[in-house]
Number of protein chains: 2
Amino acid sequence: MVGIRDHEPVQRTLREARDRFIALWGQMASNWGIPRTMAEVHAVLFIAGEPMNTDDVMEGLGISRGNASMTLRALQEWGIVSRVHLRGDRKEYFQAEQDIWKLFRTILRERKKREIDPLLEALRACRNLTSTGSGGSGGAGGAGSRRIGPGRASVEAHNARIDSMLAFVEMIDSISQRLIASGKGLQLAAKLLAKAS
Amino acid sequence: MVGIRDHEPVQRTLREARDRFIALWGQMASNWGIPRTMAEVHAVLFIAGEPMNTDDVMEGLGISRGNASMTLRALQEWGIVSRVHLRGDRKEYFQAEQDIWKLFRTILRERKKREIDPLLEALRACRNLTSTGSGGSGGAGGAGSRRIGPGRASVEAHNARIDSMLAFVEMIDSISQRLIASGKGLQLAAKLLAKAS
DNA sequence: GCCAATTTTCAGAATATTTTGAAATAAAAC
DNA sequence: GTTTTATTTCAAAATATTCTGAAAATTGGC
């Protein structure tokens, strides 16, 4: 876009740096359960800094049109890439959020919604199967079950384990909520953690 | 182990709760880039609460001996499962860490070592390719490069993007370090975040 | 309405990951 | 040492995931 000649050493180095960044980002994402190509498309858009169309993305990464289309849609659903219309061009353009902190919060919000919330619900349901101490159903009925079976102790040990897991996930959930809400939540957290030896 | 008869309703419910927990844990792990079976084996050991041998794990999950062996080794390498020898038994037994916070810190330490640290190093190397402002190589040599090419502005915009990414990863790294070090770091963080509106 | 440009969809192909099982190795018993 | 039991290894098979490409659908211009 900006420069035509790419024998300029600066341009070649820039291209090399971009490619390295894209590869890095894709690698890291796939470590964390995000499809490599999805992260690479995001990286291309992020590092370009300006809107790109589907063909730019396709040739930038050497992927098919179908793949580019599906991946761009997924990125939009995640809320980290947005559509732009450029005047006088019929194609659609896409641009990535440039503010890393905003990006982080968006991803966190999405993962909480898709993963943490359902997990919490399921864990609570699981806990209710063997209710003791807290609320829940369990079996037949009223106060004091039929007989204290041989497994009574093991049920209580089991419940203690599930409860500690629940407490852990609830804490993660609560921290996520705060980070999602507060603009500079992470920086704040780091500062606070630093003070508290 | 504890109870022989499993027509006891309590025992059936307990089994059901265990199975649900195992499935949940496996599902969640695979969302976060950890092989499902690895998490399931960990879950079996965690929820059992007592040491189990390879055959117990195999039949508990319906996996092959080879798979159980490899997965148990991987869990040991992660440091979240340990080997025990039981008196009068020739088989090896395995047990999972029961303290969730300890478990969390162990996993965090390992992921930092395997993923964050290499990422940081690579990002810094990438940044050095296009050095401006900070240190680094770049090209030929002395002060003031040959000519200010057409891409000068785009290089600086690129550097700004990489720098913000670097700052972000450095913050994640620093927070991880603190959480790994401090016993109750997460609870602390949550409390602090709660106070700071 | 039509036409051309662009985007989406999805069955099948390509790729990557995980699992098996049996042979090889190791460890304990004697 | 031999025998028996337990564990590890790894090539091949099974499974799961991701990608392609061309047909179908959509969109914008007129």
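The values are calculated or read from the model by the stated rules, or taken from the named source; none is laboratory data. Since we're looking at a predicted model, the values are computed, not measured. When we count neighbours, we look across all protein chains shown, and the Cβ atoms used for this are built from the backbone with ideal geometry, even at glycine. All accessible areas refer to the heavy atoms of the entire protein, side chains included, with ligands and DNA or RNA removed. Shrake-Rupley method; radii C 1.70, N 1.55, O 1.52, S 1.80 Å.
For the range B:67-109, give me the residue count where each residue is within 16 Å of DNA strand C (Cβ to nearest atom) and open to solvent by 40 Å² or more (accessible area, probe 1.4 Å). Total meeting the criteria: 15. Going residue by residue through the range A:10-32, is there one that turns out to be open to solvent by less than 80 Å² (accessible area, probe 1.4 Å), within 10 Å of DNA strand D (Cβ to nearest atom) and outside any helix (DSSP H, G or I)? No, because not a single residue in the range A:10-32 is open to solvent by less than 80 Å² (accessible area, probe 1.4 Å), within 10 Å of DNA strand D (Cβ to nearest atom) and outside any helix (DSSP H, G or I). Applying a threshold of 6 Å to beta carbon distances and a minimum spacing of six or more residues, or different chains, the list of pairs starting in the range B:65-94 at a residue that is over 11 Å from residue B:52 (Cα atoms) and ending at one that is near DNA strand D (Cβ under 6 Å from one of its atoms) and at pLDDT 95 or above reads B:68/B:54.
Scan the range B:105-137 for residues that are outside any helix (DSSP H, G or I) and modelled with pLDDT of 95 or more and the total you get is 0.
Residues that are open to solvent by 20 Å² or more (accessible area, probe 1.4 Å) and out of contact with any Lys or Arg (no Cβ under 9 Å at 6 or more places or on another chain) within the range A:117-127 comprise A:117, A:118, A:121, A:124, listed in sequence order. Residues in the range B:60-85 that are among the small types (Gly, Ala, Ser) and either touching a Lys or Arg at 6+ places or on another chain (Cβ under 6 Å) or outside any helix (DSSP H, G or I) (or both): B:62, B:64, B:79, B:82.
Taking the condition open to solvent by less than 40 Å² (accessible area, probe 1.4 Å), within 26 Å of residue B:169 (Cα to Cα) and not charged (D, E, K, R), does residue A:63 pass? When the stated conditions are applied, residue A:63 does not pass them.
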